[in-house]
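A quick write-up on the structure given underneath.
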Protein chains: 2
Amino acid sequence: MPTPTLEDVARHAGVSTATVSRAINTPDRVQEQTRLRVEAAIKTLSYTPNFGGQALASRRTNTVGAVIPTMDNAIFGQALQVLEESLAREGVTLLVATSQYNREREEAQVRALVGRGVDGLILIGAERPPAIYDMLDQRELPYVILWVSSGEGRHVTIGFDNDAAARMVVQRVYDAGHRKIAMIVGVNAGNDRAMKRAEGARKMCAELGLPALRIVESSYTLEAGEYAAQQILSNGERPTAIICGNDVLAAGAIFAARKLGLDVPRDLSIVGFDDIDLARVTLPPLTTVRVPHRRMGRTAARHILDWIRSDQRPDSVVYDAEWVERQSLAPPAM
Amino acid sequence: MPTPTLEDVARHAGVSTATVSRAINTPDRVQEQTRLRVEAAIKTLSYTPNFGGQALASRRTNTVGAVIPTMDNAIFGQALQVLEESLAREGVTLLVATSQYNREREEAQVRALVGRGVDGLILIGAERPPAIYDMLDQRELPYVILWVSSGEGRHVTIGFDNDAAARMVVQRVYDAGHRKIAMIVGVNAGNDRAMKRAEGARKMCAELGLPALRIVESSYTLEAGEYAAQQILSNGERPTAIICGNDVLAAGAIFAARKLGLDVPRDLSIVGFDDIDLARVTLPPLTTVRVPHRRMGRTAARHILDWIRSDQRPDSVVYDAEWVERQSLAPPAM
């Protein structure tokens, strides 16, 4: 059975191909009855618009692509959930690829999505090979970058200031009385958010007159977080507080403390980042930083659609990351 | 600047368009040097193959689509992570859409992915409108269904027996001495996995001569799980064990127990399902069922690629779900 064409749909619905095009691309410009007839024909024939062809009046595919680093952390999942919901309400389908923090793979995925004809793109973090941005610019493809606050004028960003958030954490830990602080962060290479958090914390420690911050890079798994904390707690002078680059690392650090017989927060304070479900489930529940993930998702949907529809580049947006006090941070024991 | 064509790439690389096609679609059939020249031309021109066109020898796009219910549960995220890795090693890009357990949206997403020209599809669960299967069959598009064990001969499934897994849980809870058991399951509508788990548990209780199992349906969030458990524990005869449809619900149930001053597992046993990170982080750590999510992801990649490349429909695969004993199940207090 040959693939049904736009012409087949038009014949079946008894309308012109131009009308089918309009019914698909600008349904509000077509009479209700006509639209329903076209929709019925599309269903009957199992027709899927082939947007690669020249047949349609509009080149829009009503799909938006997103490339995220991983699905293995609820923080991206929840942000994309909101993004997906918001786009779906406007009849736009979100297609997601995950790069596993691998730049070459991200590049291949962006090319694949562009090749599939997406109308716009959502990316996480601003640091990537210039070739990707060159391609997007050449094609004049709208794209929006989440999770960071500085596109340096070149990009539209919807995010928060990772550097400032990390500074806030150090300040709060300092205010609680800690002077011996260590940090576990995500692998910095290819992750500008992790890098900015490490940088912000390092500089804040210096400004507060603290000794150089001991920073351990770790992949974002429970086991890796546990291992990193165990290294920190077993070698050199033991810190009274460990700041973690995300909640998963912090949960791993709680495991490490427990195995060493340390009570959190009496013997050791631990602070997370993100505020995913996990942060409320650990014992003690994690003091952490709430990333504005749902707001980023919602605004990203609005901005990318506006840009696609109006051809007007939207402004960047910066949200605050919020301090969430639970029970894993306390003054150090005397 | 006009969109670069296959011809532009061929001219730039100094080869024929057929060679460019081959370099893209069957790179192992092209000399290394030629392939590198074509790749360089593709990068320089920012060319993305337009697979909707007639230009290419092969119609393959080297993309596979997946529609999953949600990214807001690590279990799907981790399965897709493995799927993505396995496909990427073969040069195939995975594009994912999330239906939020909404059937109409799933249908739109399947159509969008098919319209974008994916070579194959991965779906979760077998229950969906026949129109979707009809479309896939008409197009002879390879698709593989995960998370269930019975495609009733019609579908290729790679999964586990949800009914048998739920029976196993009831048997274990019964063996621990419990006779008053309640269950919190995911919303059954549009979720054949949740439905099968509820059914299996219900039937097993009957076979063991227990009173009719009290089952509460709940959406899959911590708060909803907490609320459902609170209802179960505050109304009617209090059970000594609550079986949960996933780990997130179980973590919520632990919260509810704690708020009522109940010790888990001394006063109340709680069992999860999935074995995500969360299950190890709760206090007490969850006794749960390990879903073979990574194996499903890996096998799905192999099967869908085999099917796409060989045109031979692969066999279905059934894995075991594994009982994981931690500390949230104990004999009931006397």
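The values are calculated or read from the model by the stated rules, or taken from the named source; none is laboratory data. Please read these numbers as outputs of a predicted model, since none were measured by experiment. Ideal geometry is used to build each Cβ from the backbone, glycine not excepted, and the neighbour counts take in all protein chains shown. The protein model used for the area step is the full one, side chains on, heavy atoms only, and it has no ligands, DNA or RNA in it. Shrake-Rupley method; radii C 1.70, N 1.55, O 1.52, S 1.80 Å.
Given segment A:107-172, what strands (runs of 3 or more DSSP E) lie entirely inside it while holding 2 or more residues that are touching a Gly at 6+ places or on another chain (Cβ under 8 Å) and more than 10 Å from every other protein chain (Cβ to nearest Cβ)?
Answer list for segment A:107-172: A:120-124, A:143-146.
Quick check: anything in segment B:228-244 among the polar types (S, T, N, Q), open to solvent by less than 40 Å² (accessible area, probe 1.4 Å) and either farther than 30 Å from B:Val82 by Cβ or in contact with a helix residue (DSSP H, G or I) (Cβ under 7 Å, 6 or more places away or on another chain) (or both)? Spell out the reasoning first.
First pass over segment B:228-244, keeping only residues among the polar types (S, T, N, Q): B:230-231, B:234-235, B:240.
If we keep only those that are open to solvent by less than 40 Å² (accessible area, probe 1.4 Å) as well, we get B:240.
Now narrow it down to the ones that are either farther than 30 Å from B:Val82 by Cβ or in contact with a helix residue (DSSP H, G or I) (Cβ under 7 Å, 6 or more places away or on another chain) (or both): B:240.
Among the residues of segment B:228-244, at least one is among the polar types (S, T, N, Q), open to solvent by less than 40 Å² (accessible area, probe 1.4 Å) and either farther than 30 Å from B:Val82 by Cβ or in contact with a helix residue (DSSP H, G or I) (Cβ under 7 Å, 6 or more places away or on another chain) (or both), which makes the answer yes.
Keeping to segment B:229-250, report how many residues are part of a helix (DSSP H, G or I), under 23 Å from B:Ile276 (Cβ atoms) and among the hydrophobic types (A, V, I, L, M, F, W, C).
Step one: of segment B:229-250, the residues part of a helix (DSSP H, G or I) are B:229-234, B:247-250.
From the residues that got through so far, the ones that are under 23 Å from B:Ile276 (Cβ atoms) too are B:229-230, B:232, B:247-250.
Cutting the leftovers down to among the hydrophobic types (A, V, I, L, M, F, W, C) gives us B:229, B:232, B:248-250.
The qualifying residues number 5.
Would a scan of segment A:175-184 turn up a residue that is of a type in the set (A, V, I, L, M, F, W, C), open to solvent by less than 30 Å² (accessible area, probe 1.4 Å) and in contact with a Gly (Cβ under 7 Å, 6 or more places away or on another chain)?
yes
What about B:Ile184, is it over 22 Å from B:Gly252 (Cα atoms), in contact with a Leu (Cβ under 8 Å, 6 or more places away or on another chain) and either of a type in the set (S, T, N, Q) or touching a residue at least 24 places away in the same chain (Cβ under 8 Å) (or both)?
Values: over 22 Å from B:Gly252 (Cα atoms): no; in contact with a Leu (Cβ under 8 Å, 6 or more places away or on another chain): yes; either of a type in the set (S, T, N, Q) or touching a residue at least 24 places away in the same chain (Cβ under 8 Å) (or both): yes.
Answer is no for this residue.
Filter segment A:297-313 for residues that are more than 19 Å from the chain's Cα centre (by Cα) and buried (at least 17 other Cβ atoms within 10 Å of the Cβ) and give the result.
Pass one, segment A:297-313, residues more than 19 Å from the chain's Cα centre (by Cα): A:306-313.
Selection gives A:Trp307, A:Ile308.
Please verify whether segment B:201-222 includes one or more residues that are open to solvent by less than 10 Å² (accessible area, probe 1.4 Å) and among the β-branched types (Val, Ile, Thr).
Scanning segment B:201-222 turns up no residue that is open to solvent by less than 10 Å² (accessible area, probe 1.4 Å) and among the β-branched types (Val, Ile, Thr).
Determine the pairs where a residue that is over 11 Å from A:Asn62 (Cα atoms), located within segment A:86-99, has a partner that is assigned to a loop (DSSP other than H, G, I, E, B) with Cβ atoms under 7 Å apart, the partner being 6 or more residues away or on another chain.
Pairs found: A:Thr98/A:Pro69; A:Thr98/A:Thr70; A:Thr98/A:Met71; A:Ser99/A:Pro69.
From the list B:Arg60, B:Arg22, B:Arg37, B:Arg11, exactly one residue is among the basic types (Lys, Arg), assigned to a loop (DSSP other than H, G, I, E, B) and at pLDDT 75 or above. Which is it? Steps first, please.
Details: B:Arg22 fails: assigned to a loop (DSSP other than H, G, I, E, B); B:Arg37 fails: assigned to a loop (DSSP other than H, G, I, E, B); B:Arg11 fails: assigned to a loop (DSSP other than H, G, I, E, B).
Selected residue: B:Arg60, the only one of B:Arg60, B:Arg22, B:Arg37, B:Arg11 that is among the basic types (Lys, Arg), assigned to a loop (DSSP other than H, G, I, E, B) and at pLDDT 75 or above.
Read through the list (1) modelled with pLDDT under 90; (2) surrounded by fewer than 24 Cβ atoms within 10 Å (Cβ to Cβ); (3) over 30 Å from B:Gly209 (Cα atoms), then give the number of the only condition that B:Ser150 fails.
(3)
Of everything in segment A:59-77 that's among the hydrophobic types (A, V, I, L, M, F, W, C) and under 26 Å from B:Thr221 (Cβ atoms), which residue is most open to solvent (accessible area, probe 1.4 Å)?
Step one: filter segment A:59-77 for residues among the hydrophobic types (A, V, I, L, M, F, W, C), giving A:64, A:66-68, A:71, A:74-76.
Okay, now just the ones that are also under 26 Å from B:Thr221 (Cβ atoms), so A:64, A:66, A:68, A:71, A:74-76.
Working: A:Val64: 0, A:Ala66: 0, A:Ile68: 3, A:Met71: 8, A:Ala74: 32, A:Ile75: 3, A:Phe76: 12 Å².
The qualifying residue most open to solvent (accessible area, probe 1.4 Å) is A:Ala74.
Which is basic (Lys, Arg) and either within 20 Å of A:Leu233 (Cα to Cα) or touching a residue at least 60 places away in the same chain (Cβ under 8 Å) (or both), of A:Arg302, A:Arg290?
On the way: A:Arg290 fails: either within 20 Å of A:Leu233 (Cα to Cα) or touching a residue at least 60 places away in the same chain (Cβ under 8 Å) (or both).
Only one candidate qualifies: A:Arg302.
For residues that are more than 15 Å from the chain's Cα centre (by Cα) and of a type in the set (Val, Ile, Thr), tally how many sit in segment A:111-138.
3
Which of (1) at the interface with chain A (Cβ under 10 Å from one of its Cβ atoms); (2) hydrophobic (A, V, I, L, M, F, W, C); (3) under 19 Å from B:Phe160 (Cα atoms); (4) open to solvent by 10 Å² or more (accessible area, probe 1.4 Å) is the odd one out, the single condition B:Leu80 does not satisfy?
Against the list (1) at the interface with chain A (Cβ under 10 Å from one of its Cβ atoms); (2) hydrophobic (A, V, I, L, M, F, W, C); (3) under 19 Å from B:Phe160 (Cα atoms); (4) open to solvent by 10 Å² or more (accessible area, probe 1.4 Å), B:Leu80 comes up short only on (4).
Within segment B:100-141, can you find the residues that are of a type in the set (Val, Ile, Thr) and more than 20 Å from B:Met296 (Cβ to Cβ)?
Of segment B:100-141, the ones of a type in the set (Val, Ile, Thr) are B:110, B:114, B:118, B:122, B:124, B:132.
Of everything in segment B:100-141, those that are of a type in the set (Val, Ile, Thr) and more than 20 Å from B:Met296 (Cβ to Cβ) turn out to be B:Val114, B:Ile132.
Tell me the residue from B:Leu113, B:Leu141, B:Leu123 that is open to solvent by less than 20 Å² (accessible area, probe 1.4 Å) and over 27 Å from B:Glu322 (Cα atoms), please. Give the steps one after another, and end with the answer.
Numbers: B:Leu141 fails: open to solvent by less than 20 Å² (accessible area, probe 1.4 Å); B:Leu123 fails: over 27 Å from B:Glu322 (Cα atoms).
None of the others qualify; the one that does is B:Leu113.
Being crowded, with 24+ Cβ neighbours inside 10 Å, within 14 Å of chain A (Cβ to nearest Cβ) and farther than 19 Å from B:Thr221 by Cβ is the filter here, so list the residues in segment B:270-296 that pass it.
B:His293, the sole residue that qualifies.
Output yes when any residue across segment B:88-103 is facing chain A (nearest Cβ under 8 Å), over 17 Å from A:Thr93 (Cβ atoms), in contact with a helix residue (DSSP H, G or I) (Cβ under 9 Å, 6 or more places away or on another chain) and surrounded by 19 or more Cβ atoms within 10 Å (Cβ to Cβ), and no when none is.
Yes, segment B:88-103 contains at least one residue that is facing chain A (nearest Cβ under 8 Å), over 17 Å from A:Thr93 (Cβ atoms), in contact with a helix residue (DSSP H, G or I) (Cβ under 9 Å, 6 or more places away or on another chain) and surrounded by 19 or more Cβ atoms within 10 Å (Cβ to Cβ).
Yes or no, residue by residue, for (1) at pLDDT 95 or above; (2) outside any helix (DSSP H, G or I); (3) among the β-branched types (Val, Ile, Thr):
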| position | (1), (2), (3) |
| --- | --- |
| B:Lys203 | yes, no, no |
| B:Glu217 | yes, yes, no |
| B:Gly225 | yes, no, no |
| B:Gly252 | yes, no, no |
| B:Phe255 | yes, no, no |
| B:Pro265 | yes, yes, no |
| B:Pro285 | yes, yes, no |
| B:Thr288 | yes, yes, yes |
| B:Arg298 | yes, no, no |
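Under 9 Å between Cβ atoms, at least 6 apart or on separate chains: pull out the pairs that start in segment B:23-38 with a residue that is without any contact (Cβ under 8 Å) to a residue 60 or more places away in the chain and open to solvent by 100 Å² or more (accessible area, probe 1.4 Å) and end on any residue that is of a type in the set (A, V, I, L, M) and in a helix (DSSP H, G or I).
As it stands, the answer is B:Arg29/B:Ala23; B:Arg37/B:Ala13; B:Arg37/B:Ala23, since those pairs meet every condition given.
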